[in-house]
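Notes follow the structure.
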């Protein structure tokens, strides 16, 4: 493979990953809108669109493996290719969590209305914001923004714990709310996982841009990169 062809294929890989990121983000937004408006039609669109995200993950893996096998890239190109495979896997899982939320919506609309949960609404806002910022950081290769995303994850974890306690209290006080309460716990858990995956993508962006890992607190997430 010539250098020109290699860089053309690398651009194709990046384009496919950006496409997949956009689709995953739109599916999460659509699932959240379906949840807040109890809109079954929007929920179905999320479920029906999941196959396209799955197919993109397979395409990205194939392109990345081909580039690794035929060109033996070094340094930044190698990091980009390996991170593309990992990020595409995270995006596929984001899509799966969006589907889980959409499926919960289909059950929730058939249950009696549940009291408004401000914690769940805030969790929805923060987790979707994290995903949007993480994907924007990847597209712009902005490691500083990626670091800021990782600092937002603790708030989502706190909200998830609060949701568990609040929903459990509702279900204990009124057994008729158990089914809807369990569905909302499922939604909360999926939002928490989307935030975790946004954190994973952000950590990968830092590695892609700086060549340094901040996973498992190898460096403090908020610390600036060491001087060159």
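Bear in mind these aren't lab numbers, they're just calculated from the coordinates by the rules spelled out. Since the model is a prediction, treat every value here as computed from it, not as a measurement. A quick note on method: Cβ atoms are made from the backbone with ideal geometry, for glycine too, and the neighbour counts reach across all protein chains shown.
List of remarks:
- Considering 51, 41, the condition of being under 27 Å from residue 125 (Cβ atoms), without any contact (Cβ under 8 Å) to a residue 24 or more places away in the chain and out of contact with any strand residue (DSSP E or B) (no Cβ under 8 Å at 6 or more places or on another chain) is satisfied by 41 alone.
- The number of residues in segment 55-72 that are exposed (fewer than 13 other Cβ atoms within 10 Å of the Cβ) and within 19 Å of the chain's Cα centre (by Cα) comes to 2.
- Per-region count, segment 163-178, residues part of a loop (DSSP other than H, G, I, E, B) and either surrounded by 16 or more Cβ atoms within 10 Å (Cβ to Cβ) or within 18 Å of the chain's Cα centre (by Cα) (or both): 0
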